[in-house]
Amino acid sequence: MALIRKLPIDLNINFIGRRSLFMVFSAALMLASIGLFFTQGLNFGVDFRGGILMEVRTSGPADLSVLRSRVSGLGIGEVTLQAFGEPTDVLINIAKQEGDEAEQIQAIQLVKDALGEGIEIRRQEFVGPKIGDELKEAGLLATVLALLAIGTYIWFRFEWQFGVAALVALVHDVVATVGFYSLTQIEFNLATLAAVLTIAGYSINDTVVIFDRVRETLRRFKKLSLGEVLNRAINLTLSRTILTSVTTLLALFALFFFGGEVIRGFTSGLIWGVAIGTYSSVGLAVPLLLFLKVRRGGETDPKDAEADTAEASS
């Protein structure tokens, strides 16, 4: 509580005055993310591309070159190995085999035999390419529907300008997160897709809090310009926004460093998403209301208006 009390409450940072800088940064970030997606693509996991995934553990630190030499030449197509978490853990990706389930099982057995004794098979999964394509379509549909539902909710709760601004900010966050996964080539699977949807939910939570204060301030301060009203609303909620984001990031960093390799792709995406979502709520969603010329609504009591005008001028 002492830390919270020490945070400045009556901030006066000119966010709206820097809106052009925010817009340029956001546009550049989205263009870079889209460019990365089309040029470099995503490192789809077995969930989306189909194939066989094996997680193995060796008795000592894994020598990937030795293990690769053992599984090469098996006649089962492309086999890739990569370090996974602990020095003893290895992730093996095997191309989907022609035929039915029996051929997939046979390929797994060939790899097990080639690896030899002292290898613990911790996990093995198989996903057909048809299921992978269906999961891609379902994941894309879920993301689009979630964004539209959130935008519609904001529209009905506030005004259409708020709904449009929120939707643009959410699309910005999702595209930037996809760009992050494309740049880092972290495996994109169902868990990381869940991270993208979680980021959208977190970002809109911040945005709604600020929008509530924007609506309240619009009704109270009739004599202030729209830019001044929006600036005031951001500053009044900034302490809450910073505290929420910092505490969330502390938990996410703990999960990233101590949660293990299995959830590292999920948590790294969330860390990026929380940071970019906090920025978009302050630097993109609210400034967009100025361009959309959000209207002032509601009536103000004359006594409240006098008090508020005096407060605004002080």
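The values are calculated or read from the model by the stated rules, or taken from the named source; none is laboratory data. Note that the structure is a prediction, hence the values are computed from the model and not measured. Neighbour counts run over all protein chains shown; Cβ positions are idealised from the backbone, glycine included.
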- Kindly list the number of the only condition in (1) charged (D, E, K, R); (2) in contact with a Pro (Cβ under 7 Å, 6 or more places away or on another chain); (3) at pLDDT 75 or above that fails for LYS96. (3)
- Taking LYS96, is it under 30 Å from PHE266 (Cα atoms) and assigned to a loop (DSSP other than H, G, I, E, B)? yes
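Out of GLY179, GLY139, I need the residue that is in the same structural domain as TRP272 (by TED's automatic domain parsing), modelled with pLDDT under 80 and not polar (S, T, N, Q). Which one?
Sole residue among the options that is in the same structural domain as TRP272 (by TED's automatic domain parsing), modelled with pLDDT under 80 and not polar (S, T, N, Q): GLY139.
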- Can you name every residue in segment 174-220 that is of a type in the set (Asp, Glu), touching a residue at least 40 places away in the same chain (Cβ under 8 Å) and assigned to a helix (DSSP H, G or I)? ASP206
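Going by the conditions given, is PHE257 among the aromatic types (Phe, Trp, Tyr), more than 16 Å from the chain's Cα centre (by Cα) and surrounded by fewer than 16 Cβ atoms within 10 Å (Cβ to Cβ)?
Yes, satisfied.
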- Scanning segment 163-191 for residues that are of a type in the set (Ser, Thr, Tyr) and closer than 28 Å to ILE210 by Cα gives THR177
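Surrounded by fewer than 22 Cβ atoms within 10 Å (Cβ to Cβ), farther than 23 Å from GLY151 by Cβ and at pLDDT below 85, is that true of LEU190?
In short, yes.
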- Within segment 116-170, the count of residues that are in contact (Cβ under 8 Å) with a residue 40 or more places away in the chain, of a type in the set (Val, Ile, Thr) and in a helix (DSSP H, G or I) comes to 6
- What is the one condition in (1) modelled with pLDDT under 85; (2) surrounded by 12 or more Cβ atoms within 10 Å (Cβ to Cβ) that SER65 does not satisfy? (2)
- For segment 68-87, how many residues are surrounded by 13 or more Cβ atoms within 10 Å (Cβ to Cβ), within 30 Å of the chain's Cα centre (by Cα) and not aliphatic (A, V, I, L, M)? 3
- State which residue pairs qualify: first residue under 19 Å from ARG70 (Cβ atoms) and assigned by TED's automatic domain parsing to the domain that holds LEU64 and inside segment 87-105, second residue modelled with pLDDT of 75 or more and of a type in the set (Lys, Arg) in any location, beta carbons under 6 Å apart, and separation of 6 or more residues or different chains. THR88/ARG57; ASP89/ARG57
